[in-house]
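Only the coordinates and a few stated rules stand behind these numbers; no lab work does. Computed from a predicted structure; not experimentally measured. Methodologically, a virtual Cβ is constructed for each residue, glycine included, from the backbone with ideal geometry; neighbour enumeration extends over all protein chains shown.
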Amino acid sequence: MEKNTLAQKFKVIRGTKTGTQQRIIIGALFILSAIFVHFVLASPLAPDVNTTFGTNINDRAIQIPDWVFNSKASLEIVAGICLGLGLYEIIRGFKKATSIVIAIVGVLLVLGFLFWGAAGSSISFTGMLALMVVRSVPITIGALSGLITERAGIVNIAIEGMMVASALTSAIAGSLFGIWWGVVAAIFTGAALAMVHAWLSIKYKVDQIISGTMINIFATGITSYTYIKFLQSSTLNEPGFFKPFQIPLLYKIPVIGPIFFDHNLYVYIMYLLVIVLTIALYKTKWGLRHRAVGEHPKAADTLGINVFRTRYFACLLGGMVAGFAGSYFSLGSVGRFEQTMTAGRGFIALAAMIFGNWTPVGSIGAGMLFGFSESLTTKLSLLHFPIPAELLLMLPYIITIVVLAGVVGRSRGPAASGTPYEKESL
Amino acid sequence: MNKETTGQEKRNFLSIFYEELSKSSITIIILSIVSGFIMGGILVIVTSPEVYKAFAVSFGEGLATSWKMVANTYSSLFLGAFGDPAKISAAIKSGDNAKILSAFGPFFESLVVTTPYLFTGVAVALGFRAGVFNIGAEGQLQVGSIAAAWAGWTFTGLSPWIHIPLALLCGALAGGLWGFIPGWLKVKTGAHEVITTIMMNYIGYYLIYYLVAVPFKDPNEVVPKTPWILESAHLPRFFPEPIRFHLGFFIAIGIAFLIWFLLFKTTWGYEIRSVGINMNASKYAGMNITVITVVGMALSGAIAGLGGASEIMGVYWRQSQALSTGYGFDSIALALLAQNHPLGVILTALLFGFLRSGSKVMQLRAGIPIYIINILQAFIILFLAAPAIIRTIYRLKKPSIKDLPISSTTSLSEKK
């Protein structure tokens, strides 16, 4: 007991120290971005150049004229806001709102790049944001899966593996029995792998990171094995994909409609999951118990909550959600399975979960950010952009690291996550 | 079961032997490997259409076909890894040197494949010992190889005595940087190394993709490739073409011994291990956690980078874009199997190297995709991480002391 409290004190002292340091680093980064935008992007531009943002991508929504901005003036405004935010962060600090402010600065920087890159020409703004929403789907749903298990105290780094395995099974089942069975198969696969993870980490108290790594290696192996042996140029890999449909009325709103309400099933289920999970976690008895197990399992146990059952159930649920996210890759986008199609999205999802402070709404926000960096990569390589496409591809991963480094110290995960619970014998 | 509890004197030699065997962690390791292979065999049977056809004929036929499939798979794996024993004995009888060498070709090729495993295995093991889970050996190996390649063609007119160490150093520095960044971020900001190292893998991958495509591209090639490295940067090979067995293997063995000496015979190594086992206790004992974690991670990265350098300088002599090796990920299983002991890594790296080298022949001869190796590895990790499963299956007894010390710093965020 004595040692424990000492340890806590130590952590507190160390925490505040790095807190100050971190504040200064983050503030300095903001100011650096302001300087960068002003000198590198804004200065060389002539004052009368305009950037056009295209606002219409289809004729379903109500048409409005494109937005035209003066490139140089817009860039100076971006620089000004970044400078102001940076100074405030260094002097006062945004405290809890820091992750939101980081996100704002990120968005501003990206806007700056757009103003600059498309100076004198036009870029499809709505199209880019619509792509952002699509690309954020696996990341957001993956992050939701991660937060479900982690809120109950189980760290799951195997989301990547669960997604790739479910992408495979959904492609096979979808080809054999029809697309809806593909979704069922994916959910079932995710749940099965999650139960292995749960069984290892709850019953055998295996280190959860190692158990997750095991599942990742297994999933990569089994999917590549099956793909090479059975799926190459075979009818087993033609599941088809979900077509987009419009949400009545909402899809007609200019700009907003095409961005958010003109997609396929996965996007709408993502919205739904975020809402349902937020209510379930914060407004129901089940959610309170779920979170209690993740924060302080012993206290929860004392109050009669079955810690093991709660954790098993959390894993099951998390696995089902991860499996659903996996089926997005084959059924929600291209309509077939490829070996490397998840490309680390499961890990980016974990970063999104942390960035979103282990909340559903935060997760979708972070998911959108990562989705945006992906869509930016795609769209910018189409523009005559002076940065090579190969370097742009690094962007999502660099953003993940910056986000993790900038945010983790400030956001706090469930206290008991990652520690096996040992019921004391009487 | 009851007899053992009733009296000690009734036990004979065999039962004592059995009990000792049950408690040994070596038994668990060997049984894990064996069980991994059994699971692999089951997978081969389940995924072979021939077996289903045979079972449709009769049960006996089905069993026979299953056995034939598995035997064929593993025997071609063995042939691919070690070479054909018949050929080898014929070659030795003939006394012709060239024939003997070509018969031993697969064996030496397996040693070539083992070499990067040695580096990455020691790297990951060292990371585990220092309490960091380095999944980034893959990326560190790759940036190490591009850096060594760059040093290999940039510095002209050097003697091999200077050029080889210089290129190796460049590889180690690049890999070290790739390890240093996650280590530093972990200490300074609490970003968990599992995620940051994976991100560094992707960043490294695209960086190489870019470097090979644009600034480092050999203008004479259509497909993006770097120029050939100079003769003076080639690691010496021991046999004439086509055997590629090179000095890198012995450098790797040397590194393994060096790290073993560092970890177990120096104060510094003691501190690394202590931090890895219990960070808080080490903190109170006055050790500098920050420095040890960062240096441990950077050193781990440097060793993996050295592995990449040895691949370029000993085997390929140039770098192309398609460089998805998988060595870094395999080395996690490898290090766990070796219980994070640098000398144990030598044995497990040989195992994995021979498996990997043999799997190519297996894919050709038996039609079993090489990815079965990943599945074997996953099962081996599973059984090692949860020895209780192995104990239940094989009815072994519980050891009096605690299980294999496999753990990492689990939570994805530092609690402050």
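One table, with the values for the structure above:
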item	result
Under the Karplus curve 6.51 cos²θ - 1.76 cosθ + 1.60, θ = phi - 60°, whole-Hz ³J(HN,Hα) for the stretch B:206-221, x wherever Gly or Pro sits	6, 4, 5, 3, 5, 4, 5, 7, 10, x, 9, 5, 6, x, 7, 9
Residue-averaged 222 nm ellipticity for chain B, from DSSP H runs of 4+ at -39500 (n - 2.57), nearest 500	-23500 deg cm²/dmol
Listed residue pairs exceeding 25 Å between alpha carbons, taken from B:Lys68/B:Lys99; A:Lys285/A:Lys423; A:Lys205/A:Lys298	B:Lys68/B:Lys99
Cα→Cβ-extended label distance, 7 Å offset, between A:Leu250 and B:Phe257, nm	6.8 nm
Gyration tensor (alpha-carbon) shape descriptor, chain A, a/c threshold 1.5	oblate
Radius ratio Rg over Rh of the stretch B:117-349, counting only Cα atoms, Kirkwood formula for Rh	1.00
Hz values of 3J(HN,Hα) by residue in the stretch A:357-368 - Karplus curve (6.51, -1.76, 1.60), Gly and Pro given as x	6, 6, 10, x, 5, x, 4, 5, x, 5, x, 5
Whole-angstrom gap from the stretch B:302-371 to the stretch A:271-290, using each part's C-alpha centre	45 Å
Average partner coverage of B:275-288, which counts Cβ from other chains inside 10 Å	1
Under-27-angstrom lysine pairs by C-alpha in the stretch B:117-349, whenever the two are 8 or more apart or on separate chains	4
Net lengthening on full extension, A:Ser122/A:Thr302 (0.36 nm per residue, minus Cα-Cα)	58.6 nm
Cα coordinate range in the stretch A:189-343, projected on the principal axes (Å, largest first)	51, 47, 20
Cα-Cα P(r), the stretch B:72-200, percent of pairs per 10 Å interval	12, 26, 23, 23, 13, 3, 0
Relative packing of peptides B:387-394, A:264-271 - highest average C-beta neighbours within 10 Å first	A:264-271, B:387-394
Amide H partners (placed H, <5 Å) of A:His263, local residues excluded	A:Phe245, A:Ile247
C-alpha center-to-center spacing [the stretch A:300-327, the stretch B:80-146] in angstrom	43 Å
222 nm mean residue ellipticity, helices alone, for chain A (DSSP H n ≥ 4; -39,500 (n - 2.57); rounded to 500)	-21500 deg cm²/dmol
Sequence-distant residues sharing a close amide H with A:Trp67 (under 5 Å, placed H)	A:Phe53, A:Thr55
Two-site label geometry, B:Asn278 and A:Ser43: point separation in nm, points 7 Å out along Cα→Cβ	5.7 nm
Sites matching trypsin sites (Lys or Arg not before Pro) across the stretch B:125-222 that sit in DSSP coil, with at most 16 neighbouring C-beta atoms within 10 Å	B:Lys217
Extension gain from B:Ile26 to B:Asp218, taking 0.36 nm per residue of separation minus the Cα-Cα distance	64.1 nm
Residues B:Tyr270, A:Tyr421 arranged by fewest to most Cβ contacts within 10 Å	B:Tyr270, A:Tyr421
Proximal charge balance of B:Phe108 [Cβ under 15 Å; K/R count +1, D/E count -1]	+3
Highest to lowest packing among A:97-106, B:173-182, scored as the average C-beta count within 10 Å	B:173-182, A:97-106
Karplus-derived 3J(HN,Hα), 6.51/-1.76/1.60, for each residue of the stretch A:318-328, Hz, glycine and proline x	x, x, 5, 5, 5, x, 4, 4, x, 5, 4
For chain B, convex hull volume per residue from C-alpha positions, Å³	216 Å³
Principal axis dimensions, the protein assembly as shown - Cα atoms, whole angstrom, descending	87, 76, 68
For B:Lys225, distant residues with modelled amide H under 5 Å away	B:Asp218
10 Å Cβ neighbours from other chains, averaged over peptide A:391-400	5
Residue-averaged beta-carbon neighbours from other chains (10 angstrom radius) around A:342-354	3
Within-11-Å neighbourhood charge of A:Ile159 [Cβ basis; K, R +1; D, E -1]	-1
